[in-house]
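Asker: Next up is a structure, given as structure tokens.
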Amino acid sequence: MEKQYRNPIPTVDIIIEIDGGIVLIERSNPPYGWALPGGFVDYGESFEAAAAREAKEETSLNVTLREQFHTYSAPDRDPRQHTVTTVFIASATGTPKADDDAKNLEIFQPDRLPSPIAFDHEKIIRDYFKYRKGAARDIIFAP
């Protein structure tokens, strides 16, 4: 009998920094809510290439990935299935415009986040703003 393997699905999310805020999209597909731009990594695609592609598809922006922020892997982070996301911090050029499966796009400041926020993106965003305020990664991501 052949053993069936079930593995988490790799995804990427991108924190796009613009004017002291970050770009969030409003999802047009379930789960609904606001989210970081991102999506599934295609077979044969690097995580970096997937991040640049997803950012362009959803925001119309050309991004420059500045750093890999963190990988989030809680099995319940996506209600549809077990996904693992690698989050990148990026700068961008171009004019932000919602596209692909994003029905809206806005730039949000740390003190004015929308609701609801899909997936575990509220945690990711709060971790990011702690990092930007100078918190060390080992403090933010302590087990």
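Quick note: the coordinates plus some simple rules give every number you see, no bench work behind them. Note that the coordinates shown come from a computational prediction; the quantities given were computed from them, not determined experimentally. Glycine also receives a Cβ, built like all others from the backbone with ideal geometry; neighbour counts cover every protein chain displayed.
Asker: Nearest 5 percent is fine: what portion of the DSSP beta bridges confined to the chain is antiparallel?
Answerer: Of all bridge pairs located within the chain, approximately 70 percent are antiparallel.
Asker: Helix-only mean residue ellipticity at 222 nm, the chain, DSSP H runs n ≥ 4 weighted -39,500 (n - 2.57), per residue, nearest 500. What is it?
Answerer: On the way: 3 runs with 29 residues, N = 143.
Taken over the chain, the calculation gives -6000 deg cm²/dmol.
Asker: How much length would be gained if the chain were fully extended between Ser73 and Arg137, taking 0.36 nm per residue of separation minus their Cα-Cα distance, in nm to one decimal?
Answerer: Details: separation 64, 0.36 × 64 = 23.04 nm, distance 1.63 nm.
Taking 0.36 nm per residue and subtracting the Cα distance, the gain is 21.4 nm.
Asker: Here's a follow-up. Apply 1/(1 + (r/R0)^6) to the Cβ-Cβ distance of Thr64 and Gln4, taking R0 = 41 Å, and write down the FRET efficiency to the nearest 0.05.
Answerer: 0.50
Asker: Where in segment 51-143 are there trypsin sites (Lys or Arg not before Pro) that are in a DSSP coil and have at most 13 other Cβ atoms within 10 angstrom of their Cβ? Kindly include the intermediate steps, with their values, before the conclusion.
Answerer: Numbers: sites: Arg53, Lys56, Arg66, Arg77, Arg80, Lys97, Lys103, Arg112, Lys123, Arg126, Lys130, Arg132, Lys133, Arg137; in loops: Arg77, Arg80, Lys97, Arg112, Lys133.
Within segment 51-143, the qualifying trypsin sites (Lys or Arg not before Pro) (loop, at most 13 other Cβ atoms within 10 Å) are Arg80, Lys97, Arg112, Lys133.
Asker: OK, next. Quick one: helix 47-59 against the long Cα principal axis of the chain, what's the angle to the nearest 10°, folded into 0 to 90?
Answerer: It is inclined by approximately 50 degrees.
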